[in-house]
Structure formats: structure tokens, C-alpha cells
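Nothing in this text is a laboratory measurement; each read-out follows from the coordinates by a stated rule. Quick caveat, the model's predicted, so the values are computed rather than measured. Heads up, the Cβs are rebuilt from the backbone with ideal geometry, glycines too, and the neighbour counts pull from every protein chain shown.
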Amino acid sequence: MKIAKLIERIDKNNFYETVYALQRWLSLHFDCGVVGTDTLPANEGIRFKVSQHLGFPGAAIESVSQGNGGKENGVSCYVNFTGLTGPSGALPSHYTELLMERVRLKDTALRDFFDIFNHRLLSLHYRTWEKFNFPAQYEKQLRGIEAPQDQILRALTGAQHDAEVFLGGLFAQQIRNTKTLQQILEILTGCQIEIREFVGRWVSLREDEQTSLGSNIQPEGQYARLGVSTFLGQRVWDITSAIDVEIIGASPDQCLELMSRGKLTCKLKQVVSHYVPTSVDVKWYLKTTYRSLPIADLRKSSPGLGQGASLMMRRCYLDKPLSIPVC
């Protein structure tokens with residue numbers, strides 16, 4: 001789209017969205033600075049000016065014209081809703097009358113001088129709106145531009161990935177439980193999630209953690225208090241360091257992606273590894289039916305051997321529930 005067509009389609013009653021659309025178009029097509037930053041005014045793509053009249057301000061923007069101080073890769077935006085002078089000016093009206101008189105005499109020096117301050121005032125006014133507008137900040141972050149809101153959310157939640165920023169309210173809770181983890185996984189997958197706690201697993205003990213009787217090196221032994229710290233063997237059964245996550249009701253595409261370790265699998269593992277302590281072992285299971293699994297064939301689009309495909313089954317077994325370990 002050319003800039004002329006964009007100017008024709010702008011909404012003159014919405015100053016912020018108009019400036020946002022113009023700024024985005026200019027940044028994509030030209031190497032120009034962002035308004036309200038530390039760049040030189042001559043390098044900014046948009047130049048704000050105040051329309052000099054004493055009539056009723058019918059719209060926030062009077063007009064937008066192509067060209068910015070002789071530069072074709074910029075626009076000039078005349079506004080009505082604020083400024084030092086003009087229909088909504090902060091200064092007394094006789095200043096506006098003086099400017100109108102000087103302009104009629106082809107003398108624009110005083111108007112251009114006031115527009116220096118008008119431009120900076122409007123630039124900072126727009127930056128204030130942009131700072132607290134989450135969609136605008138998020139879109140900047142998607143384009144690789146640092147966004148203050150994204151940095152604040154990551155600092156408050158400790159998030160490392162975009163999915164964790166979206167779920168920042170749940171990650172910020174000091175007490176983490178399986179109900180919250182279940183809610184997070186249901187949001188990410190759109191499937192029913194079942195989490196089984198206290199599954200238990202064997203944990204191997206180092207030599208310095210095992211029970212031993214007294215010796216010359218350790219006369220009192222090691223963990224040898226009967227009924228207090230004594231145990232037999234080189235491993236223990238721990239019921240608090242493992243959970244099972246079962247994904248129920250996944251679509252055929254989700255089943256294929258989960259079993260072939262696609263993007264969804266990586267996202268789930270990243271989020272869970274950040275939410276669950278490192279001491280907890282997480283095992284994943286997919287509860288589905290043969291009907292939801294892809295059939296193995298020789299096409300290139302078919303999943304690889306051992307990556308989620310199944311052989312053709314009898315009709316009586318198509319809806320038989322399966323629990324398949326994944327991840």
C-alpha cells in the first residue's frame with residue numbers, strides 16, 4: 001500500500017491509531033526515527049503541527065499531507081485537539097490571531113517556531129499512550145523492538161518465553177500446585193488434563209548419603225541412628241518427586257505432534273520445566289484412541305517409524321482407550 005492510500009483511509013477522529021498506523025508504515029518502508037525519542041527531529045518520519053484557526057475543532061486531526069519539511073519519506077500531521085495555539089490552544093486566542101495574520105502576509109516564522117514545541121508536546125503525548133497500550137507494545141515486541149511492558153512482565157514473573165508471559169499471573173503465585181499446573185496445560189493444549197501426584201520413583205543415593213556402621217574413619221558411623229536415620233540399600237522409594245501428566249481428548253493433529261515431539265511438545269516441556277521444581281520428575285502420557293492416531297503409510301507426509309503412526313485396526317478396537325507414553 002502506498003502512503004497516499006493510507007492517508008485517505010485514516011480516521012481523523014482517532015489521533016493515536018492514525019499516528020500508530022503512519023509510524024508503522026514509515027518504519028517498514030523507510031529508515032526514519034520514531035517520534036518522541038532522542039533522534040533528531042529532522043530524522044523523524046512524522047511532523048506534528050497545529051492547525052491555526054479559531055473555529056470549532058470538528059476532528060482531532062485536521063489533515064495529513066505527504067512530505068515532511070521537503071522530505072518525501074515523511075508526513076505532516078495537523079491536529080486540532082491540543083497545542084500552544086489553534087482551536088484548542090493553551091495560550092490566549094490573540095496569539096492565534098497574530099499567527100493567522102502573519103501567515104496571510106506570507107510570514108510563517110512565528111508559526112514554525114511554535115510548531116517546534118507543538119511537535120515535541122504531541123510526540124510525548126503519543127508516546128504516553130503507546131507506553132500504556134498493551135497491543136501496541138506487544139506488536140513492537142513481535143517485530144524485535146524492546147517493549148517496556150514485556151520487560152516488566154518478564155521481571156515480575158520470571159518468564160523466559162512468550163507463553164510464560166501470557167500466563168504470568170499464574171506463574172507469579174508463590175504457592176504452586178497441581179490445580180494451577182492443570183489450568184496452564186489446559187490453556188496451552190485445549191485438552192482435558194489429568195495430573196497424578198505421589199506416583200513415586202526410585203532415587204539412587206550417593207555413597208556419602210548411605211547408612212554405614214562405625215569404622216576407623218567414622219567411629220560413630222554414618223546415618224546409623226536406629227529408627228531415626230538408618231535405612232538399607234543404595235536407593236529409596238520417593239513418592240514426592242514424580243508426577244504423571246495425562247493429556248486426554250487430543251485431536252489427531254495434536255496426537256501426531258505430541259508423539260513426534262513437535263513444537264507443541266517443546267512448548268509444554270519448557271513451560272512445565274519453569275513451573276515445576278527441578279527435583280520433580282514429570283512423565284507425560286497421551287490418552288487417546290486408535291481412531292485419533294495416524295495410519296502408517298509410505299507417503300512423505302506420514303510420520304516416521306516409531307513417531308506416532310499405528311497399523312490398521314479392526315473396527316471393534318478403533319474406540320478402545322490407549323495410554324501412550326510421550327516426551
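Okay, here's what the table says:
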quantity: Principal-axis tilt of helix 93-104 within the chain, Cα atoms, nearest 10 degrees; calculated: 70 degrees
quantity: Ordering of 154-161, 274-281 by burial proxy (mean other Cβ atoms within 10 Å per residue, highest first); calculated: 154-161, 274-281
quantity: Cα-based reach from LYS267 at 22 Å (exclusive), listing lysines while leaving out same-chain residues under 8 positions away; calculated: LYS179, LYS283, LYS287
quantity: Spin-label model distance (nm) - ARG206 vs THR230, 7 Å beyond Cα toward Cβ; calculated: 2.5 nm
quantity: Largest-first principal axis extents of the Cα set of region 3-132 (Å); calculated: 41, 28, 27
quantity: Residues ARG120 and SER93, FRET efficiency given R0 of 25 Å [Cβ-Cβ distance, rounded to 0.05]; calculated: 0.65
quantity: Label point at ARG102 placed 7 Å out along Cα→Cβ; residues across region 36-60 whose backbone nitrogen lies under 15 Å; calculated: 50-53
quantity: From the coordinates shown, volume of the Cα convex hull per residue in Å³ corresponds to which of (i) 278; (ii) 254; (iii) 129; calculated: (i)
quantity: Cα pair distances in region 1-59, grouped into 5 Å bins until the bin that holds the longest one, percent each; calculated: 4, 16, 23, 23, 18, 11, 4, 1
quantity: Region 103-130 and region 240-287: distance between their alpha carbon centers, rounded to Å; calculated: 57 Å
quantity: Top positive-direction residue, dipole computed over the chain with Cβ charges, set GLN182, ASN73, ILE3; calculated: ILE3
quantity: Degrees separating the helix 263-275 axis from the principal Cα axis of the chain, which is the longest one; calculated: 80 degrees
quantity: Sorted peptide list for 84-96, 192-204, criterion being average Cβ within 10 angstrom, highest first; calculated: 84-96, 192-204
quantity: Rough spin-label spacing in nm, given labels placed 7 Å along Cα→Cβ, for PHE113 and TRP129; calculated: 3.0 nm
quantity: Cβ-placed point charges (K, R +1; D, E -1), dipole of the chain about Cα centre in debye, nearest 20; calculated: 840 debye
quantity: Cβ crowding within 10 Å averaged over residues, with 317-323, 132-138, 283-289 ranked highest first; calculated: 283-289, 132-138, 317-323
quantity: Gain upon complete extension [GLU194, ILE152; 0.36 nm per residue less C-alpha separation]; calculated: 11.9 nm
quantity: Pairwise label distance in nanometres, SER27 with GLU246, each label 7 Å out on the Cα-Cβ vector; calculated: 4.8 nm
quantity: Helix 109-131 vs. the chain, principal-axis angle (Cα, 0 to 90°, nearest 10); calculated: 20 degrees
quantity: Two-site FRET efficiency, LEU142 against THR39, from Cβ-Cβ distance with R₀ of 25 Å, rounded to 0.05; calculated: 0.65
